[in-house]
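To keep things clear, I will list the structure first and then write my remarks on it.
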Amino acid sequence: MPNGILQIVQRLRPGGIEVLALELSARLSGQNAIMSLEWTDLQIAANWPMIAGLPTLVLGMAKKPGVRPGLLLPLWRRIRAFAPRAVVTHHIGPLIYGGLAARL
């Protein structure tokens with residue numbers, strides 16, 4: 001799925017940054033995705049049911065609380081598989097994890 005934008009958020013739940021990420025994905029060209037560091041795909045859908053009806057691909061990484069260096073390799077694999085033209089991070093946690101994983 002090359003040519004899309006991948007956005008990384010801490011937790012995809014109803015809120016300002018998350019709504020911004022959804023709007024940005026809807027307005028940008030290409031196949032775009034939003035990755036949530038915390039929560040699984042099922043948790044995201046359960047806590048924000050309207051996500052299921054959107055064309056944006058939503059991915060949950062199920063990160064547990066605290067610093068998790070072991071998340072970098074799975075995150076890198078998902079970023080590489082998606083092959084985005086750009087990675088956009090929202091907030092400091094996603095910047096640290098997503099920035100490092102995108103540069104590996």
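Quick notes on this structure:
- Residues considered: Val87, Val19. Of these, the only one that is surrounded by 18 or more Cβ atoms within 10 Å (Cβ to Cβ) and of a type in the set (Val, Ile, Thr) is Val87.
- Between Leu42, Leu71, the distinction of being surrounded by 13 or more Cβ atoms within 10 Å (Cβ to Cβ) and hydrophobic (A, V, I, L, M, F, W, C) belongs to Leu71 only.
- Given (1) within 13 Å of Ile8 (Cβ to Cβ); (2) surrounded by 19 or more Cβ atoms within 10 Å (Cβ to Cβ); (3) not hydroxyl-bearing (Ser, Thr, Tyr), number of the condition Ile51 does not satisfy: (1)
- Matching entry among Ile17, Ile92, Ile34, Ile44 (being within 20 Å of Asn3 (Cα to Cα) and of a type in the set (A, V, I, L, M, F, W, C)): Ile34
Coordinate-derived values only; no laboratory data. These numbers come from a predicted model, not from an experiment. We place every Cβ from the backbone using ideal geometry, glycine too, and count neighbours over all the protein chains shown.
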